[in-house]
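Everything below concerns the one structure shown next.
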Ligand SMILES: *[C@@H]1O[C@H](CO)[C@@H](O)[C@H](O)[C@H]1NC(C)=O
Ligand SMILES: *[C@@H]1O[C@H](CO)[C@@H](O)[C@H](O)[C@H]1NC(C)=O
Ligand SMILES: *[C@@H]1O[C@H](CO)[C@@H](O)[C@H](O)[C@H]1NC(C)=O
Ligand SMILES: [Cu+2]
């Protein structure tokens with residue numbers, strides 16, 4: 001398996017990459033730049049003397065959006081790129097340090113200590129050292145022996161702990177244990193009753209308790225075999241063709257930039273669509289990516305209550321990116337791109353094949369019509385749908401999240417997020433639903449295993465620029481109108497009509513979607529079609545899911561933004577992460593809810609949409625031992641953006 005994967009990887013790489021050193025101002029940091037950053041930090045006299053210096057965040061800083069747009073419009077190839085800067089977040093001597101570096105000058109622009117609530121993401125080094133520490137802890141080994149288990153079959157998993165009103169003194173993880181014996185599905189066999197706290201800065205176990213012995217769920221039926229069936233090689237249609245220059249992707253009528261960082265993973269930026277009539281590319285999306293995730297479990301008991309993960313800010317979606325498998329994760333002809341980031345000591349880390357890009361022949365119909373009204377003729381015109389998909393998979397412990405961005409020739413952008421992987425199961429004495437007398441906070445989905453109720457929230461940062469930066473947001477309600485008396489000969493009593501309302505300020509720009517019928521639109525009030533309609537894109541939400549925790553519950557305070565599915569804010573480069581930048585043990589005083597309390601105007605401004613795709617997950621037996629994918633998402637659809645259906649060629 002490993003060998004054939006390697007061979008395929010090489011083949012794909014050969015036909016996918018030109019040696020082009022095409023640059024875009026939003027390109028992720030490359031290996032040379034990451035090495036340069038490490039060098040600058042290690043040779044800085046103030047920094048190099050600090051003990052236990054670790055790198056927690058390294059990414060490009062900026063550049064200024066105006067500079068990027070100017071560069072794009074002047075269409076220069078690598079000349080006059082805006083200044084290349086990096087933001088670095090370090091931990092040293094118990095402090096969080098923020099640096100801004102100038103990569104051209106090789107100098108430190110600014111340097112400050114962050115003193116407010118919350119901590120940067122954990123490094124993988126810290127997490128793996130915490131695991132090793134726990135596994136070698138004598139009391140823990142005794143607890144395992146007491147249960148008659150073999151230490152060599154134990155897997156420890158470090159979990160972030162959230163915040164519950166306490167005074168936060170340090171960076172800690174809770175380590176929980178699972179048993180591999182007889183299975184590779186570790187999350188199916190939880191060793192319950194043991195609780196361990198590790199201070200990751202001192203790398204010491206600060207709390208240990210072994211309270212109760214719960215039966216270990218069996219190994220039988222937990223295994224999920226990798227599919228050995230080789231995908232059939234399709235008689236694939238000849239593709240439209242994907243052109244990749246550096247990180248710029250050109251396909252059909254789309255131009256876009258595909259970026260990556262350790263926190264967000266996949267980042268789509270400067271996406272524009274060709275208008276054949278106007279003979280120009282028109283801006284649609286300046287930048288889009290998942291900005292935070294929130295997975296609160298609904299079990300308030302002592303071993304589970306703290307499981308309220310904010311994976312993106314605590315662990316990182318890019319950090320947890322999986323290498324995609326050719327022909328299974330992505331179809332034939334997919335082009336792969338590596339994910340490059342900085343590790344704990346600033347070293348270059350590469351996730352091979354972190355992103356794939358491919359044409360999708362869905363078997364769907366892009367548009368069609370059969371005309372029977374022309375005498376003597378039966379006219380049928382159909383166009384099959386061919387789209388471009390950009391994909392990554394992030395595996396955060398037990399869950400695998402598949403993130404898709406699909407670009408259609410109709411101008412639509414469809415964003416999908418799929419959940420699969422294994423559930424984080426809770427061990428229980430029960431082997432039959434009828435035995436259950438006490439609340440188990442979920443469902444018995446396998447012998448001795450409860451699938452605990454939980455939610456998944458994915459909050460997207462969507463900086464739309466419809467035909468330019470000055471945009472407005474419109475909520476257009478559909479309301480029933482009564483037909484007035486004395487209206488002539490109609491026998492109708494009612495009809496519906498739209499009532500578009502421009503959303504003025506942030507206080508009005510947060511929505512619980514689906515309560516009443518309404519269209520949600522981003523328009524450019526300064527641009528019209530030839531017919532005089534305002535150009536725009538419609539935001540098509542997925543099913544409406546709202547957080548179901550009380551407002552005073554600590555996880556809900558940290559993720560208060562999940563109460564509304566959609567928020568609109570004026571663009572501000574430093575407002576990018578919905579729950580704030582420092583999420584580990586955050587207290588809810590940064591992020592969307594805080595920013596929007598300023599009640600800024602969102603009319604005819606550069607605006608950003610924040611949309612949360614969410615799922616309430618009440619597990620079932622089919623989720624065991626591995627969960628079939630469950631998909632959610634949303635779509636952006638042109639609305640009076642083109643003069644007519646853009647898929648029809650000019651006549
Ligand atoms: C559950 O496990 C018990 C033994 O631990 C076994 O007798 C029983 O058949 C199992 N039930 C199912 C549904 O697999
Ligand atoms: C941008 O947002 C940050 C954080 O909310 C705020 O401190 C800063 O003042 C804002 N900048 C502008 C220009 O509004
Ligand atoms: C927000 O600003 C608008 C316009 O100035 C004002 O009418 C509204 O009352 C403000 N809302 C809040 C909650 O401050
Ligand atoms: Cu789930």
Exercise for the section: Select from the range 110-138 the residues that are touching a residue at least 60 places away in the same chain (Cβ under 8 Å) and in a loop (DSSP other than H, G, I, E, B) and write down the one among them that is surrounded by the fewest Cβ atoms within 10 Å (Cβ to Cβ). Expected result: 116
Problem - Near pairs, Cβ below 8 angstrom, 6+ apart or cross-chain, from the range 94-107 (farther than 16 Å from residue 57 by Cα) to any residue that is loosely packed, with under 12 Cβ neighbours inside 10 Å - result: none
Handout entry: Condition met for residue 520 (more than 16 Å from ligand 2 (Cβ to nearest atom), part of a loop (DSSP other than H, G, I, E, B) and closer than 20 Å to residue 284 by Cβ)
Key = no
Exercise for the section: Could you tell me whether the range 448-459 includes any residue that is part of a strand (DSSP E or B), over 21 Å from residue 300 (Cβ atoms), more than 16 Å from ligand 3 (Cβ to nearest atom) and modelled with pLDDT of 95 or more? Expected result: yes
Practice task
Would you check if residue 400 is surrounded by fewer than 23 Cβ atoms within 10 Å (Cβ to Cβ), within 30 Å of residue 353 (Cα to Cα) and within 16 Å of ligand 2 (Cβ to nearest atom)?
Solution key: no
Fill in the blank from the handout: Flagged in the range 447-480 as more than 26 Å from the chain's Cα centre (by Cα) and crowded, with 23+ Cβ neighbours inside 10 Å, in numbering order, are 449, 450
Problem - Residues of the range 150-188 satisfying the condition of being assigned to a loop (DSSP other than H, G, I, E, B) and in contact with a helix residue (DSSP H, G or I) (Cβ under 9 Å, 6 or more places away or on another chain) - result: 150, 160, 162, 163, 164, 165, 171, 180, 181, 182
Fill in the blank from the handout: Apart from one, (1) touching a strand residue (DSSP E or B) at 6+ places or on another chain (Cβ under 6 Å); (2) at pLDDT 90 or above; (3) crowded, with 17+ Cβ neighbours inside 10 Å all hold for residue 186; the odd one out is (2)
Practice task
Only one of these is away from ligand 4 (no atom under 16 Å from the Cβ) and crowded, with 22+ Cβ neighbours inside 10 Å: 408, 437, 414. Name it.
Solution key: 408
Exercise for the section: Go through the residues of the range 558-573 one by one and say whether even a single one is under 21 Å from the mean Cα position of the chain (by Cα), within 16 Å of ligand 2 (Cβ to nearest atom) and exposed (fewer than 15 other Cβ atoms within 10 Å of the Cβ). Expected result: yes
Exercise for the section: Kindly indicate whether residue 141 is assigned to a strand (DSSP E or B) and at negative phi. Expected result: no
Practice task
Go through (1) farther than 26 Å from residue 601 by Cβ; (2) surrounded by 10 or more Cβ atoms within 10 Å (Cβ to Cβ) one by one and return the number of the condition residue 507 breaks.
Solution key: (1)
Exercise for the section: Please state which of the following conditions residue 554 fails to meet, knowing it meets all the rest: (1) modelled with pLDDT of 95 or more; (2) away from ligand 3 (no atom under 16 Å from the Cβ); (3) crowded, with 22+ Cβ neighbours inside 10 Å. Expected result: (3)
Exercise for the section: Could you tell me whether any residue of the range 1-22 is surrounded by 15 or more Cβ atoms within 10 Å (Cβ to Cβ), modelled with pLDDT under 95 and in a loop (DSSP other than H, G, I, E, B)? Expected result: no
Exercise for the section: Having 1 or more residues that are without any contact (Cβ under 8 Å) to a residue 12 or more places away in the chain is the bar; report the strands (runs of 3 or more DSSP E) wholly within the range 346-436 that clear it. Expected result: 348-371, 379-396
Problem - Extreme residue, nearest to residue 639 (Cα to Cα), among residues of the range 487-509 that are out of contact with any helix residue (DSSP H, G or I) (no Cβ under 7 Å at 6 or more places or on another chain) and touching a residue at least 40 places away in the same chain (Cβ under 8 Å) - result: 502
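The values are calculated or read from the model by the stated rules, or taken from the named source; none is laboratory data. What you see is a predicted model; the values in this text were computed from it and never measured. Glycine also receives a Cβ, built like all others from the backbone with ideal geometry; neighbour counts cover every protein chain displayed.
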